[in-house]
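This report refers to the structure that appears directly beneath it.
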Amino acid sequence: MSEKDKRRAFLKICNNFRPVMHHFFLERFLLPADWFQSRLAYTRSVAASSMVGYIVGLGDRHSMNILIDQDTAEVVHIDLGVAFEQGLMLKTPERVPFRLTRDIIDGMGVTGVEGVFRRCCEKTLSSHLTQG
């Protein structure tokens, strides 16, 4: 299958299956203030863990290794065995710096990666640079 065919198949799947992470917040946090606070905590934790994971070369990030705290909506990473860019040595090398799927972005709300997420990523990286 050519790259063009793979892309076409991927786009067809994307059109048929919409992201659903926003439903977690709507169903779990019924009060507006709780909904807002949980989405903020979620987005900040995704940003910080993504940047820290990038810095330490954390790989093997998939839905079974990224958990979500049901009370705070913060993400928690487990199974940290593939670190320091060991993912590049796998049979199929991992080339993405961190996991950022459509569903992960969907939980961030209307601004997606262009709001709180971006600012927290920048703050995390700038903190690392000033202390590194």
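The values are calculated or read from the model by the stated rules, or taken from the named source; none is laboratory data. For clarity, every value in this text was computed on a predicted model and none was experimentally measured. Reconstructed Cβ throughout: ideal geometry from the backbone, glycine too, with neighbour counts over all protein chains shown.
Structural remarks
- Selected residue [out of contact with any strand residue (DSSP E or B) (no Cβ under 6 Å at 6 or more places or on another chain), buried (at least 19 other Cβ atoms within 10 Å of the Cβ) and in a loop (DSSP other than H, G, I, E, B)] from 53, 59, 81: 59
- Residue in the range 62-70 that is touching a strand residue (DSSP E or B) at 6+ places or on another chain (Cβ under 7 Å) and in a loop (DSSP other than H, G, I, E, B) present: yes
- Contacts under 6 angstrom Cβ, first residue in the range 75-98 being on the phi > 0 side of the Ramachandran plot, partner modelled with pLDDT of 80 or more and of a type outside the set (Val, Ile, Thr), 6 or more apart: 79/65; 84/57; 85/57
- Meets criteria (within 30 Å of residue 11 (Cα to Cα) and at pLDDT 95 or above) for residue 47: yes
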